[in-house]
Structures are given as structure tokens and as C-alpha cells.
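Down below is the structure, laid out as C-alpha cells.
The values are calculated or read from the model by the stated rules, or taken from the named source; none is laboratory data. Note that the coordinates shown come from a computational prediction; the quantities given were computed from them, not determined experimentally. Neighbour counts are summed over all protein chains in view; Cβ atoms, including those assigned to glycine, are modelled from backbone coordinates with ideal geometry.
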Amino acid sequence: MNKKDNGPSSKIFMRLLSSPNGKASLRLAILFVCLLALCTVSLGQQYSSDMYSGLQWRLVGPHRAGRVTAVAGVKGQPAIYYIGTPGGGVWKTVDGGRVWKPVFDDAHVASIGALTLAPSNPDVIYVGTGEQTEGNGVYKSTDNGKTWTNVGLSETHFISSIIVDPNDPNIVLVGAFGDQTASRARGIFKSTDGGKSWKQVFFPGDRVSIADMCAAPNDSRIVYATTWPLRFGANEQQPESQILKSTDGGATWQALSGAGLPDKSRGRIGVAVAPGNGNLRVYAIMNQGFFRSDDGGATWKQTTTDPRVVGNGYFSRAFVDPQNADVVYVMQTSMYRSTDGGKTFEAYKGAPSGEDEHVLWIAPEDSRRMILGSDQGAVVSLDGGVTWTSWYNQPTGQFYHVSTDNTFPYHLYAAQQDSGSVAVPNRSDYGQITFRDWFSTGAFESGHIAPDPQNPNLIYSIGWYGTVLRLDRTTGQISTVFVPGPKYRYTWETPLVFSTTDPKTLYVGMQHLLKTTDGAVTWQEISPDLTAISAAPVMKDHASGDDERDEPQAPEQGVIQAITPSAAQSGEIWVGTSTGLVQLTRDGGATWSNATPAEMPQRAQIILIEASPTDALTAYTIANVRGDSHPYIFRTHDAGKSWQKIVAGLPDNAVARVVREDLQRKGLVYAGTETGVYVSFDGGDHWQSLQLNLPTSSVRDLNVHGSDLVAATFGRGLWILDDISPLRQLDAKFASENAYLFKPETTVRVRWDNWEETPLPADTPSGENPPDGSLIYYYLKSSPSKPITLEILDELGGLVERYSSTPPAPDNTPGNAPDYWFAPPDVLPVKKGMNRFVWNLRFPYPLALNYNFRGRHIDYIEYTLPDNSVPGKTPRHQPPGPIAVPGKYEVVLTVDGKQYRQPLVVQLDPRVHVAQSDLEAQLNLANKISQWMRMSYDAYNEIASMRAALIEREKNFSGNSQAKDATAALEKELVEIQEGTDAVPGFGTVNRDLSRFIVMIESGDMRPAKPARDLAIQSCESLKNALTHWNRVNGEGLPTLNKMLEQSRLATVPTGKPAASLVCSE
């Protein structure tokens, strides 16, 4: 029995039950429990994730890669490569870099510091987690990346290198970078049992990291490693970086004397052992340049004074050709190559503005084959670096912020670390979002981007050195409209934002808040210096300077890092600073007050403020403390007079990055952390995961755009959670219902794919378009015992379309395109919890006979037009059904005999200007054509059945010439009705022509063109004539034949159904 005290509520309940008045007390107790449950729901406002599990995140891209931290290939298999990323997990290609796929998502760890394959068994892979953000140790796969197991060292958090013995995949060395704070969980660790147990074989000190490790290619007993001291204060003394050596496979280590190396300020050191010559040649790169040892590290000599070939905290890696000791590559803003043992170098791979190369793997059996990892992604070369594959096929971009405009489709504007910026539409007119759809804004890699609310062709952004840029899309020109100069201080992520109440006002943050109201012609200070000198200046982690973690950078004197104008009250502006201050004005900058939360931790930086879009007194702020991974989110309901820390339910070791309040539902709030995205239904008091299918990554920004939630990740690109209206409708009472149908969001009627060219190759990198049609969500308490149905009714109650959870009978007719192009059949899902279904806004597809482009009947499906030709999304049945007109509809869900109804509104694409009557005329004609096609289809197949019966009868006509002649005459007449002649169309040719006409009439939003209408009516008249002919044969010719067959005591031929009358008009 559980004797735990459950608090005062349980005591009250027990007192009520023990009262002398039993029945009354029981009723009171029950009432108390109900009220308590109601209060719990209203106060806690947490819902089971099943209630919104049908929501789905959608990757919009772009497919432009981000930084790569580790690369590996497979000996003798030139098509297979792996990469590790700082914020996007592990990826694999099996086609030489054409297509990359994530293989580590199930581990739910985004940051990868090292990746190594066992040379003796490439199915065995070790991954060291933690580079940009915290990891949790080493993972191992024994099936070439299909599954992963954590094998320890989780306390190290950051791992820089892994070496696997070339002969035994169970012998592993791990170099641990360790935390940014002092700890013993760093150094070099060794396992001899494949990760089951580990021994710390070298401890460099609680403030010293392992930066690099390298084994001799010809003797695995010889291993080199480098140390890199941390620095925690401006005057703190730390040992110098060292080169270590082991000659017993890493069991023991000795620091080399370093004779010939600089005495001080070596910074981060990279080492590489050359092949041959007894493994005596070793290369090293450090702050002062490039060095070489020819005696196994006993003495060193600087081989070049090339000023480009130096190390720093961001690079400092060298790699040697496994077959030529004189060929060495150095990673820098470009990749430099020496072919004379390090004496001279050439820029071998790179580009203007710097690709920033980091890691290289060279195939041991073929030096021409290599994979390179840079800030721009991973590329493969098979010809020694003459040509490389593309990095525009990896959606691993690291995005700081995301803003949106008010166009349709709307655009996502985001700055990408190391790459610049991008504007991606939330949907493409071509079925999938590719390079042809997005463009650059010209923003600096970490800059905020602010599209002009009044002119979508003008886009403002932050450029280098705190400048403000303006892109004019009508000319393509980018102009600099603000330069800070020496008066102002700026930061890595200088904030730039338009007013939410005055679209002419644009703000930029220095240490003062500045604004322009005349299109950036003039700028005005509207605040004093809103910052204060920090008591603890921001220090770099390492003595060498920059590190690889892309952390926010700010001057040691304060700067503004967040600007948030209120949408609820004009003149209210919130400002956050790098010195941990929250400042507020409620009169447009005339006066300012310090509204900093009292619980703000020391040395905090304010990275974001969210002002409630509906309540001028409510705001949220997020603080970060360097070296502290705890989330800090604060909320105020009284304009900053008091604050509450709201982090319950968030992971304790994941920095908070963003918080956004919903535009419609009070208390609905979204948050992004270093490990994912969360939702709260009670204003942030409690958080629960909204990760769904979003891969684990740092979520740096969120944007609520209408009924969409947009996410910027720092390692997996840009994503959209389409249609969050179910979150706005959630209610605890749904859980007690057997089923619930959510009210669909207003649906915009859009032509999903207008691409009329040859489809892009199926493996073309692309983001997803929104679902083609209306998203319909329903909740099932459990899987129903009977099939469920979903009906779409028009405003008059007429049936538009009907769907079922019972799969349709398979259509085994082969097509002339591979099956991977085609969408699965529309079947209602019936999983427990929330389900999602898409009505494509169409009536049932017309029944089409199989004809080819040249008009001949065929026994397979020829897909002549590229209609919706997107892999996995192409309709198998073509042409599609008529598209519904804008208007009011009703959705009817039937579960276990009970109906659930919700209204649905369909709106016209706002870019289209056409009368409703024109669209109704289009729909009316399309529906008639669909009806005519069904009639021709049914008649065609009925004749086919009759002809087959005649053929069977002919087998018994031996010696009966009269029956043979009569049958042949009827067969000839049936063929003419079925297939037609050059002069008179038959059912088949009518169906073929109508199939073409319905596509033409439905091709765009307009009243059907008169030539198309006339031809459709002409085909209808042909159908009418064919039906008349068919009725005559049915009523005269066939009975005559049957009478003859009866006289000959032969089986008769069944007559067909009389054809319905037909009126040919619009």
C-alpha cells in the first residue's frame, strides 16, 4: 500500500467520506473530486500527446548544407560515405554523394564531434557526440548505421576524436574534449571490448581538452594526441598546448619535448602521421604555422612561412595522403595542399569568401578518392580534387532566426551560419520546393531579416559589421542604408525589426535603440545607452580565440540583443541587452524603465523577448549564461513589475532559445530549446514536447504565421508545422469522447503543381509542399471496431466525395512509370489518438480508358502529362477529378455508427482574380464531362464483355455458317460502336477525347474557353449517337442473333443494359 501523503486534497476527501452523514458526504466527496479534476485541468492544462500526435512537421529546406565535423568512407566501396554534423546528426550516402540520408535520428542526439569506421569491419561505426552542443557519449552501430547503441562516456559531453584499431573493431580510443567547465570527464579513454567498459588512460587536467588524435598508418601502436587548455578568466594561467605520443596503442602517454616548436600560444594543435619511413614523419599545425618532425616527434622544424598556412581555434587540422608522405593537406578558409612535404602550399579547394574546410578522409587504396567536410557541407571527389560533388543536397543548414512576410505564398527569411541567407516560400507552384524557388536576401550569416510590411519587394537585413542592407527585388540590387561607425556598438546577431503597429517604422539595436520612418533615409536615436558594463566581461573559452561552436558574440561593453515592439499596444517596446537587462518603454522611447527579472542569473545575456500579441502587460524573456546549459525563461503579466520563471517540463540541460505566444488561444505558448520544441497550454507554467516528427536539433527560432508554426533549426534547416488549429481547439473533454472531429482551418484553393515540363529527377533535393488540399484532423479514443467513413458535402448537402478506412481493391494495371512516383490510395487512418487526412478539394476522378498519346488503345496506363509529378505524390488515376469551387462545405465523420460534423470553408487563391460564376461554370462542365466519361467507360466495358461472350459462342459454331456470319456481322458492328471509325467516334475515342478536354478545361481558374466547351459538347453528341447505336444493337441486332442461336440449340448472348438518355449542354 502506498502511504505517501498526497496533500491537503486527499485529506479533505477522506474527511468527507468518514462523515457520519454517509450518502450526503459521498455526494459531496464525488462533487469535490469532480471540481478538483476540473481545477486541475484548467490550471495544469496539459494534454496527452495522443491528442495532437497527428500533426506533422514539414521540411521546407533549403537543401544547402551546413558545417560538417566528421567524415568517413569505406575502403574499396567508392559509393559509401558518412558525415557527422554539429547540429544535424549523422548522414550517409550510398551513391557517392548524390543523395544523403540521416541515419542517426533515432538516437535523438544532434551534435556530432567524431565518427570512425572500424577498418577491419566497416559495418562497425563509432560516433562521438557533443561538439556545438552537449552530447551524451559514444554510440556504436554494428549494422552500417541502421541501429545504434550508447556504449558509454556520456559524462564527457563533448568528444573530439575516435580511433579504432585496424585489426580489431573492439579496441577503441576516444579523445574527450569535455565540458566548458572544470571536470575530470575529459582526456583519453580506451575500450578493448567494443565499448562495454572504458578506462581513462590519460587525464590532462580538469581544465584541459583533447583536441586531436591520429594513429600511424603502418603501426597502430603509435598514436599522437594534442591537448588544448581551457581558460576561465582573463588572468588565469594554464599550461601550454602539448603533443602527446603513445607507443603501446594508447595504454600509456608521454608529452613530447616539443623541441623546435614555439614555447607559447600554440593554441589548438592538429597532428598527422605520414606513411612509410618507420612512421617517423609527423606534421603539426598550430597558431604559429606548419611544422614537421622526421624523428617521431622528438624535434620539429617549421617548413613554411606561408602566412595562409596557420592554425587557429576554428581550423588546425592536417591530413596526409596515405600513399605519399610528401602530400599533405591543411584545413583553413581554403584547403591548402603541399606536394613537397610541407615546404610550399597551393590553395587547392575553396572559393572567394571562404568555404572554411575542416575535415578530410582519403581512401587508403586510392588517394584520388576523398570526402571533404567544410562549413558548406560534405563533398566527394573521385579524381583527386579536380571535381567535387555538390553540397546543395544536404538540408543541414544552421539558421539563427526566421521571419515571414505577408505575401501568398509567404516567405521564410533566415540567415544561415557560414552561408549567408535565404528566402524560401512556404509552398512552391511546382509541387516541391527546390533551388528554383528560393533566393538570397544578401544578409550576413547571423543577421536578422525584416521584410517591408508595405512593400514585399523591399527586404532589410543586417550585413557585416552591424550595417543595415536593403534588397530591392525589382532590380536585384542590395544597398547599404545604415553604417554604425565608431559611435555605436553592435553584436553578432544585431536585432532588426519593423514595428507591429506602424509599418513605416524600422528599429535597429546598437547600445542605443535607433529607428527610421522614411525608408532608412534617416535614423534617430530613441533611447539612451540601455546597457551597463558587465561585471564579468565575456571571455573566450580558449587562449587561441575563436572556437567552433558558433556561439553568440558580443562586445565586452553592452549591446542590445533583442527588440520587440508590442502588437497589443502602440509605443510599447521591449529591449534586451547582452548585459542581462530588460528595458521597457510604453511611450515610443520617450521614457525607459528597467524591467529586469529579479531572478536573472549573474552574467546573463538577454537573447530574446516575446511581447504578447494580445495582452500589452504580458511578455516573456529568455536569458543565456555562457557555460550554463540550464533554460531560463521568465514571464510577466504586469509589464515587467514581477516575473515568474517558467521552465517546468523543459529539459534541465538544454538552453532555451525562443518562446512565442499563439495569436489566438490564450495560454498557448511555444518554446524552442537546444534539443527540440515544446508547447504549453497554460502560459508556460507547464511544458510538453511538440517534437512529433521533427528531428532532434537546436530550435533557434519560432514564428507563428496564421495557422502555421515555423521553426528555424541550427542544423536541420527550416520546418513548418502545418495547421496548428487543433492545438487551439484542444479541450480535456475530447479525451472522454470515443471520437472527435476537429474543425478544419479555412483552406485556400491552390493549384498544387503547375510544372508542365519533364519532371525533375526523383532524387532532386527538395523541400515538401504543403498537403494538396484541406487538412482534416480527428481524434479516436481507440481503434474502432468497424470501418470509419468521411464524407464531404457541399452547401446544399450534396455528396462531393466519400472516403473509408477500408483500402480499395488494388488496381494492378501496369503504368509506364516506376511505382515510386505514385501516391498511395486515399485511406482513412484509424490509429489511437489524433489522425490526419487530406481532402484534395476534388470530386471523384473520372473513369478513363487507357489510350496513348497517339490515340491508340493500350493495355497499360500511359502517363502522358507531368501532372503532380512529385515522387510519392503523383496521382495514380488521371485525369484527376474536378476541383471544388470556393464556398462552404461540411465534413462528416462516421465512427461506430455515430456522426461528427464540422463546417469547412474553401477560399480562392488570393493571387487569382476570377468571378465565382466562372468557376462554377468550370465545375459544372467538368462534372458533366466526368459523367459522360463514366457513361462511355461503362458502355465500352459492357461491349467488351459482350464481345468476349461472342468469341466463346463462336467456338461452338463449327459447321454452322449462318451463325458464324451473323456473329461476325454483329462483332463488326460492336467494334465500330466500341472503338469508332475514322468517320464516327466510338465509346473509346469519345472517352479518350473527353479525358483530354477535362484536363484542358480544368487547367486554370477561368471560365471554360469556348473552343474547349464546343469540343466537349461535340464529344457528348458523339457519345449520344454511339449510345443510340448501342441501344439499337441491344434491342434489335442482339435479339435476332440470340433467336438464331436458340434455334441451333446454342447458348445465347446476354443483352446489355439500356443506355440512359443524354442531354448535351453546359
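Tell me yes or no: at least one residue of region 796-810 is within 22 Å of GLY881 (Cβ to Cβ), modelled with pLDDT under 95 and either among the acidic types (Asp, Glu) or not assigned by TED's automatic domain parsing to the domain that holds VAL892 (or both). For region 796-810, residues within 22 Å of GLY881 (Cβ to Cβ), modelled with pLDDT under 95 and either among the acidic types (Asp, Glu) or not assigned by TED's automatic domain parsing to the domain that holds VAL892 (or both): absent.
Every listed requirement among (1) in a strand (DSSP E or B); (2) surrounded by fewer than 16 Cβ atoms within 10 Å (Cβ to Cβ) is met by TYR820 save one, (1).
Of all the listed residues (ALA325, ALA318, ALA298, ALA363), the sole one being touching a residue at least 40 places away in the same chain (Cβ under 8 Å), in contact with a helix residue (DSSP H, G or I) (Cβ under 9 Å, 6 or more places away or on another chain) and not charged (D, E, K, R) is ALA325.
Checking ALA969, ALA963, ALA939, ALA921 one by one, the residue that is exposed (fewer than 15 other Cβ atoms within 10 Å of the Cβ) and either without any contact (Cβ under 8 Å) to a residue 40 or more places away in the chain or of a type outside the set (Ser, Thr, Tyr) (or both) is ALA969 and no other.
Rundown of residues vs (1) out of contact with any Gly (no Cβ under 6 Å at 6 or more places or on another chain); (2) buried (at least 24 other Cβ atoms within 10 Å of the Cβ), yes/no style:
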{"residue": "THR69", "(1), (2)": "no, no"}
{"residue": "ALA79", "(1), (2)": "no, no"}
{"residue": "ASP95", "(1), (2)": "yes, no"}
{"residue": "VAL99", "(1), (2)": "yes, no"}
{"residue": "GLY113", "(1), (2)": "no, yes"}
{"residue": "THR116", "(1), (2)": "yes, no"}
{"residue": "PRO122", "(1), (2)": "yes, no"}
{"residue": "GLU131", "(1), (2)": "no, yes"}
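A quick yes/no check of all residues on (1) under 17 Å from GLY576 (Cβ atoms); (2) touching a helix residue (DSSP H, G or I) at 6+ places or on another chain (Cβ under 6 Å); (3) among the β-branched types (Val, Ile, Thr):
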residue: VAL625; (1), (2), (3): yes, no, yes
residue: TRP643; (1), (2), (3): yes, no, no
residue: PRO651; (1), (2), (3): no, no, no
residue: ALA656; (1), (2), (3): yes, no, no
residue: GLU661; (1), (2), (3): yes, no, no
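Just one of LYS140, LYS190, LYS196 is out of contact with any helix residue (DSSP H, G or I) (no Cβ under 6 Å at 6 or more places or on another chain) and farther than 30 Å from GLN323 by Cβ; which is it? If you could, list the steps in order and put the result at the bottom.
Values: LYS140 fails: farther than 30 Å from GLN323 by Cβ; LYS190 fails: farther than 30 Å from GLN323 by Cβ.
Of the residues listed, the single one that is out of contact with any helix residue (DSSP H, G or I) (no Cβ under 6 Å at 6 or more places or on another chain) and farther than 30 Å from GLN323 by Cβ is LYS196.
Among the residues of region 356-379, what is the count of those that are in contact with a Leu (Cβ under 9 Å, 6 or more places away or on another chain) and closer than 27 Å to ALA414 by Cβ?
Result for region 356-379: 7.
Table: residues versus (1) closer than 24 Å to THR69 by Cβ; (2) of a type in the set (A, V, I, L, M); (3) in contact (Cβ under 8 Å) with a residue 60 or more places away in the chain; (4) outside the structural domain of ARG281 (by TED's automatic domain parsing).
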position	(1), (2), (3), (4)
ALA185	yes, yes, no, yes
ILE188	yes, yes, yes, yes
SER191	yes, no, no, yes
GLY195	yes, no, yes, yes
PHE202	yes, no, no, yes
ALA211	yes, yes, yes, yes
CYS214	yes, no, no, yes
PRO217	yes, no, yes, yes
PRO229	yes, no, yes, yes
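Name the strands (runs of 3 or more DSSP E) wholly within region 384-477 that hold at least 2 residues that are free of Cβ contacts under 8 Å to residues at least 40 places away in the same chain and within 20 Å of the chain's Cα centre (by Cα)? It would help to see each step written out before you state the result.
On the way: elements: 411-416, 420-425, 449-451, 458-462, 468-472.
Ranges flagged: 420-425.
Close Cβ contacts (under 8 Å, 6 or more residues apart or on different chains) running from residues in region 895-916 that are within 22 Å of ASN738 (Cα to Cα) and free of Cβ contacts under 8 Å to residues at least 60 places away in the same chain to residues that are among the β-branched types (Val, Ile, Thr) and surrounded by 13 or more Cβ atoms within 10 Å (Cβ to Cβ) comprise GLN899/VAL892. Going by the conditions given, is TYR465 hydroxyl-bearing (Ser, Thr, Tyr) and in contact with a Ser or Thr (Cβ under 6 Å, 6 or more places away or on another chain)? No, not satisfied.
Applying the criterion of being touching a Ser or Thr at 6+ places or on another chain (Cβ under 8 Å) and among the hydrophobic types (A, V, I, L, M, F, W, C) to the residues of region 776-806, the residue that is farthest from ASP753 (Cα to Cα) is ILE788. Scan region 343-351 and tell me whether some residue there is in a strand (DSSP E or B), touching a residue at least 40 places away in the same chain (Cβ under 8 Å) and surrounded by 14 or more Cβ atoms within 10 Å (Cβ to Cβ). No, region 343-351 contains no residue that is in a strand (DSSP E or B), touching a residue at least 40 places away in the same chain (Cβ under 8 Å) and surrounded by 14 or more Cβ atoms within 10 Å (Cβ to Cβ).
Take ASP708 and decide whether it is of a type outside the set (A, V, I, L, M, F, W, C), over 29 Å from PHE104 (Cβ atoms) and touching a strand residue (DSSP E or B) at 6+ places or on another chain (Cβ under 9 Å). Considered against the rule, which asks whether it is of a type outside the set (A, V, I, L, M, F, W, C), over 29 Å from PHE104 (Cβ atoms) and touching a strand residue (DSSP E or B) at 6+ places or on another chain (Cβ under 9 Å), ASP708 comes out as no.
Exactly one residue among ASN653, ASN624 is in a strand (DSSP E or B), over 17 Å from ALA711 (Cβ atoms) and touching a residue at least 60 places away in the same chain (Cβ under 8 Å), and that residue is ASN624.
If I filter region 125-143 down to residues being touching a strand residue (DSSP E or B) at 6+ places or on another chain (Cβ under 7 Å) and touching a residue at least 60 places away in the same chain (Cβ under 8 Å), which single residue comes out as farthest from ASN218 (Cα to Cα)? I'd like the intermediate steps shown before the answer.
In the first step, residues of region 125-143 are kept if they are touching a strand residue (DSSP E or B) at 6+ places or on another chain (Cβ under 7 Å); the result is 125-131, 135-143.
Those still in the list that are touching a residue at least 60 places away in the same chain (Cβ under 8 Å) too: 126, 131.
Details: TYR126: 21, GLU131: 29 Å.
Checked region 125-143; the qualifying residue farthest from ASN218 (Cα to Cα) is GLU131.
Kindly evaluate GLU1021 against the criterion of being under 30 Å from ARG842 (Cα atoms) and either surrounded by fewer than 17 Cβ atoms within 10 Å (Cβ to Cβ) or not basic (Lys, Arg) (or both).
Values: under 30 Å from ARG842 (Cα atoms): yes; either surrounded by fewer than 17 Cβ atoms within 10 Å (Cβ to Cβ) or not basic (Lys, Arg) (or both): yes.
For GLU1021, the condition - under 30 Å from ARG842 (Cα atoms) and either surrounded by fewer than 17 Cβ atoms within 10 Å (Cβ to Cβ) or not basic (Lys, Arg) (or both) - is met.
Looking only at residues in region 979-1002 that are small (Gly, Ala, Ser) and either assigned to a helix (DSSP H, G or I) or buried (at least 17 other Cβ atoms within 10 Å of the Cβ) (or both), which one is nearest to the chain's Cα centre (by Cα)?
Here the residue is SER995.
Looking only at residues of region 884-899 that are over 33 Å from the mean Cα position of the chain (by Cα) and not β-branched (Val, Ile, Thr), we find that the one that is surrounded by the fewest Cβ atoms within 10 Å (Cβ to Cβ) is GLY897. When region 237-269 is filtered for residues that are surrounded by fewer than 23 Cβ atoms within 10 Å (Cβ to Cβ), among the small types (Gly, Ala, Ser) and under 21 Å from LEU173 (Cβ atoms), the ones remaining, listed by number, are SER246, GLY249, ALA251, ALA255. Residues in region 70-100 that are part of a strand (DSSP E or B) and either closer than 12 Å to PRO695 by Cβ or of a type outside the set (Lys, Arg) (or both): 16 in all.
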